[in-house]
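Engineer: Sharing a structure, written as structure tokens. Questions coming.
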Amino acid sequence: MEKIVILTGAGISAESGLSTFRDEGGLWAQHRIEDVATPEGFARDPALVQGFYNARRVKAAKAQPNAAHEALARLQRDWSGEVVIVTQNVDSLHEDGGADSVIHMHGALSGALCAACGHRWTSPPEMAVGERCPACAAPSARPDVVWFGEMPYHMNTIYDHLSEASIFAAIGTSGQVYPAAAFVHEASLSGARTVELNLDPSTGASSFDQVILGPATETVPRWVDGLLAQR
Ligand code: APR
């Protein structure tokens, strides 16, 4: 049974209306990473950081999954082997599109985390500065997302999946942030066939066996159809 491991990035949600990070006018053109996506930035100005994630959480809640998210859910349903989706995204569009057991290596906007005791709960739509933890009551609630300088989540599980992959696909990611940018090398070492589906060639495009260029809502359904036709 061929196992497929898929890594997705902000590009797969772009056609659902959510900003990417490094494209023209992307999130990192509007905000400084050190101000809104680091523990130091949160300590320095929690209102700015909570405001940044509240705005993204409200926007993400209104977004709809697109044909690419839905095609990956179809692949999970119809492929004979296991299909594992690892996402760098913090939106829930894979789940909304019907995918299951999605691995969120950078956390999720829907999650809240207590910086004091580590308790996790479902985040309110807008998290206030000094929001209290329901477990320890400390005013230490933060978005349960992985900031720069912090360890991504579920890395051991992800590396186990990569070691068993027959096919590895990277979809909608610029390949500029590690450790995700190195997954293609891990998969290749395990003998996987590797493919990149992206609007433009990513930084790591030359590491892939195949590069399919175009918008995800066009390339991903066609790629899934091709795989399922092989069964
Ligand atoms: N279809 C396919 N690919 C697209 C589309 C689209 N419609 N629109 C944009 N892309 C591609 C871009 O060409 C780019 O290569 O998606 C990629 C988005 O790259 P980034 O904005 O860098 O997003 P991502 O790779 O997910 O960033 C990784 O960096 O800032 C951190 O934590 C953040 O998870 C994020 C990580």
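Engineer: Taking strands (runs of 3 or more DSSP E) that do not extend beyond the range 76-142, which have at least 1 residues that are under 27 Å from PHE21 (Cα atoms) and among the aromatic types (Phe, Trp, Tyr)?
Structural biologist: Numbers: elements: 83-87, 107-114, 120-122.
Ranges flagged: 120-122.
Engineer: Using the structure shown, decide if GLY97 is modelled with pLDDT of 95 or more, over 17 Å from PRO125 (Cα atoms), surrounded by 20 or more Cβ atoms within 10 Å (Cβ to Cβ) and not assigned by TED's automatic domain parsing to the domain that holds SER166.
Structural biologist: no
Engineer: I'd like the residue in the range 47-73 that is surrounded by fewer than 20 Cβ atoms within 10 Å (Cβ to Cβ) and of a type in the set (Lys, Arg) and, out of all such residues, is farthest from PHE183 (Cα to Cα).
Structural biologist: LYS62
Engineer: Hey, another quick one. Among all residue pairs at least 6 apart or on different chains, which show Cβ distances below 6 Å where the first residue, located in the range 154-166, is assigned to a loop (DSSP other than H, G, I, E, B) and the second is among the basic types (Lys, Arg)?
Structural biologist: Hits for this filter: GLU164/LYS3; ALA165/LYS3; SER166/LYS3.
Engineer: CYS133 fails exactly one of the following numbered conditions: (1) assigned by TED's automatic domain parsing to the domain that holds THR87; (2) surrounded by 19 or more Cβ atoms within 10 Å (Cβ to Cβ). What is the number of that condition?
Structural biologist: Failing condition for CYS133: (1).
Engineer: Among what's in the range 201-229 and is of a type in the set (Gly, Ala, Ser) and near the ligand (Cβ under 9 Å from one of its atoms), pick the residue that is farthest from the chain's Cα centre (by Cα).
Structural biologist: Among those residues, the one meeting the criterion is GLY214.
Engineer: Something else: What are the pairs, 6+ residues apart or on separate chains, where a residue within the range 12-34 that is among the aliphatic types (A, V, I, L, M) has its Cβ under 6 Å from a residue that is near the ligand (Cβ under 6 Å from one of its atoms)?
Structural biologist: What qualifies is ILE12/GLY172; ILE12/ALA216; ALA14/THR20; LEU27/PHE21.
Engineer: Taking the range 167-200, which residues are within 23 Å of HIS94 (Cα to Cα), part of a loop (DSSP other than H, G, I, E, B) and more than 8 Å from the ligand (Cβ to nearest atom)?
Structural biologist: Passing the criteria: TYR178, PRO179.
Engineer: Name every residue in the range 158-173 that is buried (at least 22 other Cβ atoms within 10 Å of the Cβ) and either β-branched (Val, Ile, Thr) or touching a Gly at 6+ places or on another chain (Cβ under 7 Å) (or both), in order of residue number.
Structural biologist: Once the filter is applied, which keeps residues that are buried (at least 22 other Cβ atoms within 10 Å of the Cβ) and either β-branched (Val, Ile, Thr) or touching a Gly at 6+ places or on another chain (Cβ under 7 Å) (or both), the range 158-173 yields ILE171, GLY172, THR173.
The values are calculated or read from the model by the stated rules, or taken from the named source; none is laboratory data. Everything quoted here is computed from the prediction, not taken from an experiment. Here the Cβ is made from the backbone with ideal geometry for all residues, glycine too, and neighbour counts use every protein chain on show.
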